[in-house]
Amino acid sequence: MASAESPPRFGQSVKGLLSDKVGSCSGDVIALTRQVLKGSRSQEAARNMVIQEDAILHSEDSLRKMSIITTHLQYQQEAIQKNVEHSKNLQDQLRHLLK
């Protein structure tokens, strides 16, 4: 009888081991899938960061150009103010001469 009980136990233990291995492989597949998804998210995040970095560099360049334009406009404003003062002086001189 002991020999009759031995094959079912062996079969059951093989089935149990096989079931454990399948469960382990399933767990490994799930972990691998999570890693792949995490990697694709990391690539997407890196891509987004590059896009944002380009936008920041473009903004910095635009701000630098606007600063230069502002400086030029200030120079022009000063020149216009000096010309207005000079024209007022000329008008005063003309009025004085015409009297």
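The values are calculated or read from the model by the stated rules, or taken from the named source; none is laboratory data. Small disclaimer: the values here were computed from a predicted structure and weren't measured. Counting neighbours? That spans all protein chains shown, and the Cβs are built from the backbone with ideal geometry, glycine included. Each accessible area value is taken on the protein alone, full model and side chains, heavy atoms only, with ligands, DNA and RNA left out. Shrake-Rupley method; radii C 1.70, N 1.55, O 1.52, S 1.80 Å.
Give me the net charge of Gly27's neighbourhood, meaning all other residues with Cβ under 13 Å from the Cβ of Gly27; Lys, Arg count +1, Asp, Glu -1.
Details: positive: Lys21, Arg34; negative: Asp20, Asp28.
Overall, the nearby charge balance is 0.
So how tilted is helix 2-98 from the main axis of the chain? Cα-based, degrees 0 to 90, rounded to 10.
0
Would you mind listing how long the chain runs along its three principal axes, going by Cα atoms, in whole Å with the largest first?
So the three principal-axis extents are 144, 13, 9 Å.
Full-extension gain between Lys38 and Ile80, please, as 0.36 nm times their residue separation minus the C-alpha to C-alpha distance. Each step should come with its number before you reach the end.
Working: separation 42, 0.36 × 42 = 15.12 nm, distance 6.17 nm.
Extra length available between Lys38 and Ile80 comes to 9.0 nm.
Using only helices, what value at 222 nm comes out for the chain when you add -39,500 (n - 2.57) per DSSP H run of length 4 or more and divide by the total residues, to the nearest 500 deg cm²/dmol?
Numbers: 1 runs with 97 residues, N = 99.
About -37500 deg cm²/dmol.
Where only protein heavy atoms count, and the probe is 1.4 Å, what is the accessible area per residue for the chain in Å²? Write down the numbers at each step before the final one.
Details: 9390 Å² over 99 residues.
Here the residues of the chain average 95 Å² of exposed surface.
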